[in-house]
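What follows is a set of notes on a single structure, which appears directly below.
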Amino acid sequence: MLEDPIVVNAAAKSSSRSGGKPAGKPTSFDIAQLAGVSQPTVSRALRGSSTVNLATRQRIEAIARQLNYTVDRSASNLRNGTTKTIALLLFRDPTPDETVVNPFFLGMLGAMMAACGSHGYDLLVSFQQFSSDWHTDYEDSHRADGLILLGYGDYADYRSRLETLVAQGTHFVRWGSVQPGQPGLTIGCDNIAGGAAAARHLLDRGRRRIAFLGSATDHYPEFHDRYRGYVAVLGEHGIAADPQLQVETISTEEDATQATRELLRRGVPFDAIVAASDLIALAAMRVLAGAGINVPYDVAIVGFDDIPAASLANPPLTTIAQDSGLAGRRLVEMLLARIGDQPVESTVLPTQLVIRRSSGEGR
């Protein structure tokens, strides 16, 4: 069995015994000699193990710094049966330009990298086609200790892949709608409350004919939850949701553009739109402007996600904010807990209404 990730250098050992700095590349045996402890104690101390008392650990760390000693992580991980790597599998939205990635997911990336670094992990980012065998790779091939999944397309197809991961015993966590009985571990925002807040805000501004752009089926459960919140609030105000004011669309510019044109083509009056994502809302604003419809005076709009482009739109977009930084950190922390066999449950994060001019007031 490997006891140290670096091969012992005979000259370095000889120099260590004489009390000087090793002549060759320093090893954990050199540190052990200088610290007056065993090599396994050095290995445990440099991993931060609580089995080594604080004074000894600090002495070992000081000697390691003096010798410019670095751990060979690949060999150390091989010995421990881990990769110290998390794989982030990011699924592209189905667009003609396959380089397009949902900006909300990009907002999570920096937080994930920082969280991985603070726990001594590397983050491997991989862009996936949904048709590939991503559910059988990575952990099974010992390229990662666990998976973070972002994006999924049609959930009806995606769920079977999640069930396969569970059956394989793969460690994974995903971002999405948190529902009872879902396979695996999920983190998501309170989509129902967010959809309700968007509709309530528009009703408070005197709008009554409020359209919804986004999927209202279980194939896209996050959008469906936002639609459910929107319908519930309309009902609270004695307004029945008009099927003619709901148009199916996914979160791509092309699809959202066609959906907005379809809403206009139907000829049903509306004075506001709840969009299931900011990307849908921004596409709708462009279509409305092209049709000579003023936002917000003729039609007020609220989006969902608070991507960077939302505040830069003209007018700036009122939206339901999800905390992408918090989401990224939680995804990493919960996956590491699962890898460590610690108890952990799916989590719902709060949303916040950010008011800007697209809804008739604000910044």
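The values are calculated or read from the model by the stated rules, or taken from the named source; none is laboratory data. Bear in mind that the values here come from a model prediction, so they are computed numbers and not experimental data. Surface areas here come from the heavy atoms of the whole protein model, side chains and all, with no ligands, DNA or RNA. Shrake-Rupley method; radii C 1.70, N 1.55, O 1.52, S 1.80 Å.
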Next item on the list: Roll a 1.4 Å probe over the protein chains and send me the accessible area per residue for region 225-332 in Å².
Entry: 40
Margin query: So if I take the centroid of the Cα atoms in region 180-255 and the same for region 109-129, what is the distance between those two points in Å?
Written below: 31
Check: Mind checking the alpha-carbon convex hull of region 195-242 and giving the volume per residue in Å³?
Finding: 62
Margin query: Need one value: the accessible area of residue 333 in square angstrom, 1.4 angstrom probe, rounded to the nearest 10.
Written below: 80
